Amino acid sequence: MPSIRTFATPERLIRPEIQALNAYHVPPASGLIKLDAMENPYGLPPALRDEIARAVADAAINRYPDAGAQQLKAGIRRVVDLPPGMDILLGNGSDEIIQILALAVAKPGAVLLSVEPSFVMYRMIALFAGMEYVGVPLRQDFSLDLEAMLAAIKREQPALVFLAYPNNPTGNLFDAAAVRQIIAAAPGLVVLDEAYYAFASDSFIPQLAHYENLLVMRTFSKLGMAGLRVGFLAGSAAWLSQLEKLRLPYNVGVLPQSVAAQLLAHHDLLLAQAESIKQERGR
């Protein structure tokens, strides 16, 4: 008797929790004042645009990019005061770095913990990786509920804690002393997401050497490079050498590497634009 063939369908093969999702939707911005993506609205000076155009014209797009992105990493090290012994891992934006971190620690039953509201990709990528997501509500004034955070850490024993510093979308900078208590209490990795570092008055990068379980993540998207999709993770080689195993080869292309390196040579200009945005938002 011939066997009955079962055909592959999305309903049969795709995980139920993925089927229940909606794809990430970016609404059209035509005819609108575009604020939702929180991009730098300023353009570049003509001389810098010409400099970038020359670099792009000379880029070897027929070749795979430098796998180690040495020129770009050197530019990042020039503008970021990394403590001795710390290194960086590059990502295709911070989203890829979040995914690398989640995949690395996603043992059965592993928990990713963050606050609510915060960056939506923490929750989404936890689900993608098969982790349990736990969100701890902020207080009414959007400050950290330290007691609730510490209780959740003790109860859930999270493998991974994400804190946006400053927080996205609320815009406030959490109390640094409270953040230090969370790092000290966490049994797993704590990642501080400093995507908006140019708009903040504090950073945990200088403290990386003081905590064995601390990593700091940054993107250059909010500084004027959103179209390049360049982010990095800073921390000890002990962590980054393991995470590198999950980074896809050639994840940052020839053109993003070249243009980002050129722009980082003018980091002060980008910071000045961020300062102008800060002044405007206070009007």
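The values are calculated or read from the model by the stated rules, or taken from the named source; none is laboratory data. These figures come from a predicted structure and were not determined experimentally. Glycine gets a Cβ as well: all are built from the backbone with ideal geometry, and neighbour counts include every protein chain shown.
Worth pointing out:
- Looking only at residues in segment 162-187 that are of a type in the set (Gly, Ala, Ser) and over 17 Å from ILE277 (Cβ atoms), the one that is surrounded by the fewest Cβ atoms within 10 Å (Cβ to Cβ) is ALA177.
- Of all residues in segment 205-221, those satisfying the criterion of being within 26 Å of SER276 (Cβ to Cβ), at pLDDT 95 or above and crowded, with 23+ Cβ neighbours inside 10 Å are VAL216, MET217, ARG218.
- Some residue of segment 248-270 being of a type in the set (Gly, Ala, Ser) and either within 25 Å of SER114 (Cα to Cα) or touching a Phe, Trp or Tyr at 6+ places or on another chain (Cβ under 6 Å) (or both): no
- The one condition from (1) within 23 Å of the chain's Cα centre (by Cα); (2) of a type in the set (Gly, Ala, Ser); (3) surrounded by 14 or more Cβ atoms within 10 Å (Cβ to Cβ) that ALA74 does not meet is (3).
- Which numbered condition MET38 misses (of (1) among the aliphatic types (A, V, I, L, M); (2) at pLDDT below 90; (3) farther than 24 Å from PHE232 by Cβ): (3)
- Restricting attention to segment 224-238 and to residues that are in contact with a helix residue (DSSP H, G or I) (Cβ under 9 Å, 6 or more places away or on another chain) and part of a helix (DSSP H, G or I), the residue that is surrounded by the most Cβ atoms within 10 Å (Cβ to Cβ) turns out to be LEU228.
- Summed over segment 93-120, the residues that are under 25 Å from GLN207 (Cα atoms) and under 16 Å from the mean Cα position of the chain (by Cα) give a count of 17.
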